[in-house]
Amino acid sequence: MPAVTARAAAYPPLVDRPADARGLEAARGTMVGLQLRARGIVDERVLAAMAAVPRERFVPAESLDHAYADAALRIAAGQTISQPYMVALMTQLLDPPLGCRVLEIGTGSGYQAAVLAAMGCDVLGVERLAELASAARERIAALGFGVRVEIRVGDGSLGWDAGAPWERIIVAAGAPTVSEELVAQLADGGRLVIPVGGRREQDLLLVERHGAELVTTDHGPCVFVPLRGAGGWA
Ligand code: SAH
């Protein structure tokens, strides 16, 4: 029927409206190619993990069509799931070896934690909002990553002393500064990836520890929700 055909054709292309599983898988592949590889993500382990983890499982049902959009998306409690490129860039900078212990501050949807687990990391995620932590735990368990990921509810703005030293620390919320406490929990040879700056806009920093020496490099502007708590914003 011509009317139906015309209507179907009026929908945006499959990549933007991936309403079925095949569409979602295709959209995931397109995301890896166009948003990550073409923009300079070169770590094949990061690319493979992001090609494997179903991001659609981490976004709210009403955002399913945008699961592979080139953007951060709203999740519950006014928080966000980071843009795929930002997850890839942070993970590439983190450069976690196989079997590495990672502290993740700001687990949110759990997507970043799942990507790290898919790369063979053991992740301790800290999330201040219990509602988000329990949803993230369920998603991660359903995907079979439960053995690699533990999620705690709490203020991770000053790190998580109980598990220190950490080989890798990734902070997924914007911090006013790099706190001494966080750096003190970084193992020798360790790497910390953290957005630092104002409440609305930050710079993505990589802090590498070589013995007593800290080397900080700036990897460009980024936009994260504020890190709250003792080492964050009020
Ligand atoms: N990595 C997430 C992005 C989460 S957005 C993902 O892949 O979806 C940042 C998260 O940091 C929010 O869920 C917010 O609640 C959390 N957060 C903010 N301050 C925090 C703190 N001090 N400790 C733990 N989590 C915090």
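Annotations for the structure displayed:
- The peptide list 144-152, 98-106, put in order of mean Cβ contacts within 10 Å with the highest first, becomes 98-106, 144-152.
- 3J(HN,Hα) from dihedral phi, region 121-129, Karplus parametrisation 6.51/-1.76/1.60, rounded to Hz, x for glycine, proline: 8, 9, 10, 9, x, 10, 10, 6, 9
- Label-point separation, Asp95 to His210 (7 Å along Cα→Cβ), nm: 1.1
- Surrounding net charge for Thr217, when Lys and Arg each add one and Asp and Glu each subtract one, Cβ distance under 12 Å: -2
- Inter-part distance, region 166-234 to region 36-58, computed on C-alpha centroids, equals 22 Å.
- Protection proxy ranking of 154-163, 35-44, 212-221 - average other beta-carbon atoms within 10 Å, highest first: 154-163, 35-44, 212-221
- Segments 188-200, 125-137 sorted - mean Cβ within 10 Å per residue, highest first: 125-137, 188-200
- Region 78-203: C-alpha gyration tensor shape, a/c 1.5 cut-off, then a/b vs b/c: rounded
- For Cys121, the residues 5 or more places off, or on other chains, whose built amide H falls under 5 Å of its own are Gly99.
- Between region 134-154 and region 87-107, the alpha-carbon centres lie 16 Å apart.
- For the chain, the 222 nm mean residue ellipticity estimated from helices alone, with every DSSP H stretch of n ≥ 4 adding -39500 (n - 2.57) and the total spread over all residues, rounds to -8000 deg cm²/dmol.
Taken together, the values in this text are just the output of simple stated rules run on the coordinates, not laboratory data. All values reported here derive from a predicted model rather than from experimental measurement. Ideal geometry is used to build each Cβ from the backbone, glycine not excepted, and the neighbour counts take in all protein chains shown.
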